[in-house]
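The structure under discussion is supplied below as structure tokens; questions concerning it will follow.
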Amino acid sequence: MKSSTKKEISEEEQKKLLIQQEITIVKRMGNIDHKIAVMSGKGGVGKSTVAVNLAVAFALKDYKTGLMDVDLHGPDIPHMLGVENLSLDQSPEGILPLEVRENLEVLSIEFMLPSKGSPIIWRGPQKTGAIRQFLSDVIWGKLDVLVIDNPPGTGDEPLTVLQSVSQLDGVIMVTTPQAVAGEDVRKCVNMVKKLNIPIIGIIENMSGFTCPHCKQEIDIFGKGKGKELAEELEVPYLGSLPLETDVRENSDQGKPFILQDSEMSKKFLDIFSKIENKIQK
Ligand SMILES: Nc1ncnc2c1ncn2[C@@H]1O[C@H](COP(=O)(O)OP(=O)(O)OP(=O)(O)O)[C@@H](O)[C@H]1O
Ligand SMILES: [Mg+2]
């Protein structure tokens with residue numbers, strides 16, 4: 001039999017490396033006062049939109065903020081901030097996040113891909129490993145708050161975040177008003193509860209649409225599911241955000257809507273204040 005040229009790592013050494021990594025994660029996370037994960041059982045409901053605007057809102061209020069994109073297969077945060085063509089600076093001590101505006105640093109796998117459009121084709125353990133490396137090797141420095149944007153569902157990425165980020169303040173759950181979204185979000189809330197992590201609250205996104213021509217309100221996806229779920233699952237309800245063409249357009253152009261003075265940003269700031277109050281308590 002041909003002997004392998006690869007250096008085999010013994011089980012013992014592997015255990016030691018994992019313990020070492022755990023210690024580094026706890027140390028790095030200890031430098032961050034507040035950690036918030038944005039999640040949903042459902043895809044496309046606005047998690048990344050909420051995460052980006054939440055992080056920018058914190059930065060605008062002088063919080064030293066980090067935004068970590070753990071959506072490895074669909075990293076949308078760089079595009080939503082208009083920085084998708086930038087890459088990370090190398091440092092011998094670790095990975096340096098990208099400063100995208102005053103008080104806001106961002107990390108995403110998108111910054112590490114060889115070219116735009118390169119897919120990540122990884123199975124569970126590789127994804128878990130990558131996220132734990134994000135947590136252990138990234139030099140955020142002293143942060144007031146870290147916002148973590150997750151892919152949909154209850155799979156490897158959100159589970160790794162929930163189990164590895166020490167002293168997570170809690171999870172913001174995003175839903176849309178359709179029954180199917182509600183069912184998936186219920187599962188996600190129950191997973192977070194099982195892990196004894198607080199739910200900061202539920203946001204209902206894409207809740208109603210006002211026609212710009214006739215000004216009539218049309219409930220495209222329905223309305224009220226977020227509040228109903230929050231009551232049923234006994235978790236806080238943070239508020240709703242309507243469907244708005246501007247939100248999608250701004251997001252496509254890399255401009256978070258919170259930077260504009262609009263009804264939408266006022267609504268979001270209301271939700272932001274509730275989140276700010278909850279994490280300060
Ligand atoms: N309130 C809104 N009004 C209009 N468009 C919105 C609104 N919220 C989000 N969008 C748009 O909907 C699309 C999906 O939003 P987003 O990417 O934030 O969802 P997501 O839950 O992060 O998706 P994924 O599950 O793929 O990560 C984006 O194009 C975004 O700009
Ligand atoms: Mg997303």
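Anything in segment 123-140 that is closer than 26 Å to residue 153 by Cα and touching a Leu at 6+ places or on another chain (Cβ under 7 Å)? List them, or say none.
127, 130, 134, 138
Here is a further query. Name the pairs: first residue in segment 55-70 and closer than 17 Å to residue 37 by Cα and assigned to a loop (DSSP other than H, G, I, E, B), second residue modelled with pLDDT under 95 and open to solvent by 10 Å² or more (accessible area, probe 1.4 Å), Cβ to Cβ under 7 Å, at least 6 apart or on different chains?
Partner pairs satisfying both residue conditions: 64/142; 70/157.
Residues of segment 27-54 being in a helix (DSSP H, G or I), open to solvent by 10 Å² or more (accessible area, probe 1.4 Å) and in contact with a Leu (Cβ under 8 Å, 6 or more places away or on another chain), which ones?
Listed by number, the list holds a single entry, 28.
Separate question: May I ask you to say which residue of 15, 42, 47 is away from ligand 2 (no atom under 16 Å from the Cβ) and among the charged types (D, E, K, R)?
Exactly one residue qualifies, and that residue is 15.
Filter segment 215-263 for residues that are in a loop (DSSP other than H, G, I, E, B) and either closer than 10 Å to residue 202 by Cβ or touching a Leu at 6+ places or on another chain (Cβ under 9 Å) (or both) and give the result.
Selection gives 220, 221, 235, 236, 254, 255, 256.
So, in segment 58-113, of the ones that are open to solvent by 70 Å² or more (accessible area, probe 1.4 Å) and of a type in the set (S, T, N, Q), which residue ends up nearest to ligand 2 (Cβ to nearest atom)?
The residue in question is 85.
Taking segment 30-84, which residues are of a type in the set (A, V, I, L, M, F, W, C), touching a Pro at 6+ places or on another chain (Cβ under 6 Å) and either modelled with pLDDT under 95 or over 20 Å from residue 159 (Cα atoms) (or both)?
52, 56
A further question on this structure: So which residues in segment 205-226 are buried (at least 20 other Cβ atoms within 10 Å of the Cβ) and free of Cβ contacts under 8 Å to residues at least 40 places away in the same chain?
Answer for segment 205-226, where residues must be buried (at least 20 other Cβ atoms within 10 Å of the Cβ) and free of Cβ contacts under 8 Å to residues at least 40 places away in the same chain: just 207.
Kindly indicate whether residue 250 is touching a Phe, Trp or Tyr at 6+ places or on another chain (Cβ under 9 Å), within 29 Å of residue 144 (Cβ to Cβ) and either among the polar types (S, T, N, Q) or open to solvent by 70 Å² or more (accessible area, probe 1.4 Å) (or both).
In short, yes.
Matching residues to (1) touching a Lys or Arg at 6+ places or on another chain (Cβ under 9 Å); (2) in contact (Cβ under 8 Å) with a residue 24 or more places away in the chain; (3) more than 21 Å from residue 276 (Cβ to Cβ):
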| site | (1), (2), (3) |
| --- | --- |
| 159 | no, yes, yes |
| 162 | no, yes, yes |
| 165 | yes, yes, no |
| 178 | yes, yes, yes |
| 184 | yes, yes, yes |
| 194 | no, no, yes |
| 203 | no, yes, no |
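The values are calculated or read from the model by the stated rules, or taken from the named source; none is laboratory data. Remember, predicted model here, so these are calculated numbers, not experimental data. So basically every Cβ, Gly included, is an ideal-geometry build from the backbone, and we count neighbours across all protein chains shown. Each accessible area value is taken on the protein alone, full model and side chains, heavy atoms only, with ligands, DNA and RNA left out. Shrake-Rupley method; radii C 1.70, N 1.55, O 1.52, S 1.80 Å.
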